[in-house]
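Here the structure comes first, spelled out in structure tokens, and everything after it is commentary.
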Amino acid sequence: MPAVTQDLLARLALVPMVLEARGLDTTPEAVRRFRAGGDDATADILERIGMEEIPHVAAGVRWFRFLCVRQNVDPTATFHTLTRRNFNGRLKPPFNTDARMRVGFGEEFYRPLSA
Ligand SMILES: [Fe+2]
């Protein structure tokens, strides 16, 4: 696999599919807590950020899959390899499996890497 493609795959795995996907997991609870504490202004901002994260993760997953198909490598196995190489630690549950599934990010990708 060419080095540039490898770097792009590594970045897609790490940024949208690990870090931004984490936002899908954590934002709903953060919004609930701010609302419960009466801080609707902060809750509204976080809610918007959470909504905006969905297409970011979707784009990452879509391009990651596209590049894997083009390189004739397995997307799930490639995600595991790159994430283990470039992300320090395990992915932290609980996962927002509904939101992740809606963007085509099935559990077979992240569950084997979870704590
Ligand atoms: Fe984002």
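The values are calculated or read from the model by the stated rules, or taken from the named source; none is laboratory data. Since we're looking at a predicted model, the values are computed, not measured. Reconstructed Cβ throughout: ideal geometry from the backbone, glycine too, with neighbour counts over all protein chains shown. What goes into the accessible areas is simple: the full protein's heavy atoms, side chains included, and nothing from ligands, DNA or RNA. Shrake-Rupley method; radii C 1.70, N 1.55, O 1.52, S 1.80 Å.
Kindly evaluate ALA41 against the criterion of being part of a helix (DSSP H, G or I), open to solvent by 60 Å² or more (accessible area, probe 1.4 Å) and away from the ligand (no atom under 16 Å from the Cβ).
Taking the combined requirement at face value, the residue satisfies it.
Scan (1) within 15 Å of the ligand (Cβ to nearest atom); (2) touching a Phe, Trp or Tyr at 6+ places or on another chain (Cβ under 8 Å); (3) under 18 Å from GLY106 (Cα atoms) for the single condition GLY23 breaks and write down its number.
Unmet condition: (2).
Among (1) modelled with pLDDT under 95; (2) in contact with a Pro (Cβ under 9 Å, 6 or more places away or on another chain), where does VAL61 come up short?
Here VAL61 meets the rest and fails (1).
Could you say whether any residue in region 49-57 is more than 13 Å from the ligand (Cβ to nearest atom), surrounded by 14 or more Cβ atoms within 10 Å (Cβ to Cβ) and under 21 Å from PHE105 (Cβ atoms)?
Step one: of region 49-57, the residues more than 13 Å from the ligand (Cβ to nearest atom) are none.
Within region 49-57 (the criterion being more than 13 Å from the ligand (Cβ to nearest atom), surrounded by 14 or more Cβ atoms within 10 Å (Cβ to Cβ) and under 21 Å from PHE105 (Cβ atoms)), the answer is no, since none of the residues qualifies.
Answer with yes or no whether PHE66 is within 24 Å of LEU14 (Cβ to Cβ) and part of a helix (DSSP H, G or I).
In short, yes.
Please find, within region 71-84, the residue that is farthest from the chain's Cα centre (by Cα) out of those that are in contact (Cβ under 8 Å) with a residue 12 or more places away in the chain and surrounded by fewer than 18 Cβ atoms within 10 Å (Cβ to Cβ).
Among them, the one singled out is GLN71.
Looking at region 104-115, I want the residues that are under 15 Å from LEU12 (Cβ atoms) and in contact (Cβ under 8 Å) with a residue 40 or more places away in the chain and have a partner that is among the aromatic types (Phe, Trp, Tyr) and outside any helix (DSSP H, G or I) with Cβ atoms under 8 Å, at least 6 apart or on another chain. Which pairs are those?
TYR110/PHE95
Please enumerate the residues belonging to region 13-35 that are out of contact with any helix residue (DSSP H, G or I) (no Cβ under 6 Å at 6 or more places or on another chain), farther than 24 Å from HIS80 by Cα and open to solvent by less than 40 Å² (accessible area, probe 1.4 Å).
Across region 13-35, there are no qualifying residues.
Tell me which residues, restricted to region 27-38, are free of Cβ contacts under 8 Å to residues at least 60 places away in the same chain, away from the ligand (no atom under 13 Å from the Cβ) and at negative phi.
Filtering region 27-38 for residues free of Cβ contacts under 8 Å to residues at least 60 places away in the same chain gives 27, 29-38.
Cutting the leftovers down to away from the ligand (no atom under 13 Å from the Cβ) gives us 29-38.
Passing the criteria: GLU29, ALA30, VAL31, ARG32, ARG33, PHE34, ARG35, ALA36, GLY37.
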